[in-house]
Amino acid sequence: MELKKINRILKDTDFIHTSGTAEELKVAEYLKKCCEDLGVQADILPFPVDMADVQSASLTVKGKAVPCRGYKLCGSGEIEAPFLYLPNTDKASLSKVNGRIVMIDTGMSHFLYQDLLANGAAGFITYDGNVSFADEDIDAKELRPYVSLGKKIPGVNVNAKYAKKIVEAAPETVKIAVTQNEYAGESRNVEAVIPGETDQSIILSAHYD
């Protein structure tokens with residue numbers, strides 16, 4: 001495929017199309033047509049996916065609201081608990097999280113989340129961005145099912161600037177509240193098969209959401 005065509009595909013799909021949305025289906029249909037224009041048969045294969053719409057999310061520190069976004073699929077509820085900044089996730093540090101809302105320096109992985117649960121964490125705060133940058137954007141985050149394995153505690157994401165202020169304030173407690181609608185949605189794979197000259201198969205895969 002020539003570079004001009006590749007650039008056209010990237011430009012035509014340069015909009016948000018997260019898994020399970022109508023925008024994702026639009027891109028799937030577009031990619032299917034691109035394959036067929038190249039003479040390759042393609043199919044759109046749906047599969048179930050857990051989804052959520054966050055109605056509201058709040059983080060309160062020393063009586064003041066901190067801008068945040070609630071984690072999709074972390075459940076709904078409100079909790080106030082002692083705060084703990086957790087820059088390290090070794091066993092000694094994790095032993096201190098019981099009953100606390102913890103702030104971590106990394107994204108939420110399956111193993112870290114399960115470690116937090118095993119040690120009794122009550123909730124979590126993550127952050128992104130950079131304290132040196134001008135923007136105060138907050139990315140949308142999701143507590144994916146393969147991370148939580150169905151066990152949910154409330155979580156929010158904040159900008160790095162606010163994370164720094166929270167740590168500096170050293171609050172005794174913080175409060176998280178999240179309200180959301182969780183439901184089963186449908187995502188799609190786009191599959192194309194190019195016949196070869198041997199019985200061996202080569203599989204190439206990529207995310208497009």
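The values are calculated or read from the model by the stated rules, or taken from the named source; none is laboratory data. Bear in mind the structure is a predicted one, so any value in this text is a computation, not a measurement. When we count neighbours, we look across all protein chains shown, and the Cβ atoms used for this are built from the backbone with ideal geometry, even at glycine. Side chains are part of the model used for accessible areas, which takes the heavy atoms of the whole protein and leaves out ligands, DNA and RNA. Shrake-Rupley method; radii C 1.70, N 1.55, O 1.52, S 1.80 Å.
Anything in region 153-187 that is part of a loop (DSSP other than H, G, I, E, B) and surrounded by fewer than 20 Cβ atoms within 10 Å (Cβ to Cβ)? List them, or say none.
Those that are part of a loop (DSSP other than H, G, I, E, B) and surrounded by fewer than 20 Cβ atoms within 10 Å (Cβ to Cβ): 170, 171, 172.
Quick one: is residue 157 modelled with pLDDT of 95 or more, within 15 Å of the chain's Cα centre (by Cα) and not hydrophobic (A, V, I, L, M, F, W, C)?
Yes.
Filter region 150-209 for residues that are β-branched (Val, Ile, Thr) and closer than 25 Å to residue 125 by Cα and give the result.
Within region 150-209, 153, 156, 158, 166, 167, 173, 174, 176, 178, 179 meet the criteria.
Does at least one position in region 5-22 carry a residue that is aliphatic (A, V, I, L, M), in contact with an Asp or Glu (Cβ under 7 Å, 6 or more places away or on another chain) and within 25 Å of residue 113 (Cβ to Cβ)?
Checking region 5-22: not a single residue is aliphatic (A, V, I, L, M), in contact with an Asp or Glu (Cβ under 7 Å, 6 or more places away or on another chain) and within 25 Å of residue 113 (Cβ to Cβ).
Please work out which residue is nearest to the chain's Cα centre (by Cα), limiting yourself to region 1-10 and to residues that are open to solvent by less than 100 Å² (accessible area, probe 1.4 Å) and of a type outside the set (S, T, N, Q).
Top of the filtered list is 9.
Which of the following residues is closer than 21 Å to residue 69 by Cα and in contact with a Cys (Cβ under 6 Å, 6 or more places away or on another chain): 167, 156?
Exactly one residue qualifies, and that residue is 156.
When you scan region 11-19, do you find a residue that is surrounded by 15 or more Cβ atoms within 10 Å (Cβ to Cβ) and assigned to a strand (DSSP E or B), even just one?
The answer is no, given that none of the residues of region 11-19 is surrounded by 15 or more Cβ atoms within 10 Å (Cβ to Cβ) and assigned to a strand (DSSP E or B).
Collect the residues in region 81-93 that are open to solvent by less than 30 Å² (accessible area, probe 1.4 Å) and assigned to a strand (DSSP E or B), keeping them in residue-number order.
Of everything in region 81-93, those that are open to solvent by less than 30 Å² (accessible area, probe 1.4 Å) and assigned to a strand (DSSP E or B) turn out to be 81, 83, 86.
Considering only residues that are surrounded by 14 or more Cβ atoms within 10 Å (Cβ to Cβ) and part of a strand (DSSP E or B), which ones fall in region 51-76?
The answer is 51, 52, 54, 57, 58, 59, 60, 61, 66, 69, 70, 72.
Considering region 34-46 alone, what residues qualify as being modelled with pLDDT of 95 or more and open to solvent by 60 Å² or more (accessible area, probe 1.4 Å)?
43, 45, 46
Within region 126-152, work out how many residues are modelled with pLDDT of 95 or more, of a type in the set (Phe, Trp, Tyr) and assigned to a loop (DSSP other than H, G, I, E, B).
The total comes to 0.
Are there any pairs, at least 6 apart or on different chains, whose C-beta atoms fall under 9 Å, with the first in region 94-118 and open to solvent by less than 40 Å² (accessible area, probe 1.4 Å) and the second basic (Lys, Arg), and if so, which?
These pairs meet every condition: 101/175; 102/96; 108/141; 108/144; 113/151.
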